[in-house]
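Report on the structure given below.
The values are calculated or read from the model by the stated rules, or taken from the named source; none is laboratory data. Note that the coordinates shown come from a computational prediction; the quantities given were computed from them, not determined experimentally. Ideal geometry is used to build each Cβ from the backbone, glycine not excepted, and the neighbour counts take in all protein chains shown. The accessibility values were calculated without ligands, DNA or RNA, using every heavy atom of the protein model including side chains. Shrake-Rupley method; radii C 1.70, N 1.55, O 1.52, S 1.80 Å.
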Amino acid sequence: QVQLVESGGGLVQPGGSLRLSCVASGINARFYNMGWYRQAPGKQRELVAGLTRGGSTNYADSVKGRFTISRDGAKNTVYLQMNGLKPEDTAVYYCNARPPASGWNGSVGNWGQGTQVTVSS
């Protein structure tokens with residue numbers, strides 16, 4: 001059974017940083033495309049950052065230069081380092097694991113339960 005468990009969310013002031021973690025079980029995250037998505041109230045879920053099996057990254061324009069996705073194969077964990085947080089980054093962040101042949105669109109693969117990130121002063 002595949003499980004993705006996110007952690008690291010919370011309340012942070014604008015300009016602050018958070019690191020989200022996604023621990024995978026039931027799969028080897030090194031062999032999947034791993035992504036972080038977010039959904040803000042009243043908005044559609046969107047890709048924030050993706051990391052392919054081959055190591056290529058893909059970022060939403062709104063987070064380029066501020067967020068970094070990485071993977072620790074030994075810990076079977078994917079991270080999202082978020083710096084320079086803005087109020088518009090407030091959302092529930094979800095971890096996703098999808099087959100390597102998949103693109104980043106659609107509700108494909110396995111999803112975590114989500115972790116809330118709130119950026120507010």
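A few comments on the model shown:
- Note on segment 61-75: among residues that are open to solvent by less than 30 Å² (accessible area, probe 1.4 Å) and not in a strand (DSSP E or B), the one that is nearest to Val5 (Cα to Cα) is Gly73.
- Test for Asp61: is it among the acidic types (Asp, Glu), out of contact with any Asp or Glu (no Cβ under 9 Å at 6 or more places or on another chain) and more than 21 Å from Gln113 (Cβ to Cβ): yes
- Those residues of segment 80-121 which are buried (at least 19 other Cβ atoms within 10 Å of the Cβ) and part of a strand (DSSP E or B), in sequence order: Leu80, Met82, Ala91, Tyr93, Tyr94, Cys95, Asn96, Ala97, Arg98, Thr115, Val117, Val119
- Considering segment 1-60, the qualifying strands (runs of 3 or more DSSP E), each wholly inside and each with 1 or more residues that are more than 14 Å from Leu80 (Cβ to Cβ) and either at pLDDT below 95 or open to solvent by 20 Å² or more (accessible area, probe 1.4 Å) (or both), run over 3-7, 10-12, 18-25, 33-39.
- Taking the criterion of being of a type in the set (Val, Ile, Thr) and more than 11 Å from the chain's Cα centre (by Cα), the residues of segment 24-69 that qualify are Ile27, Thr52, Thr57, Val63.
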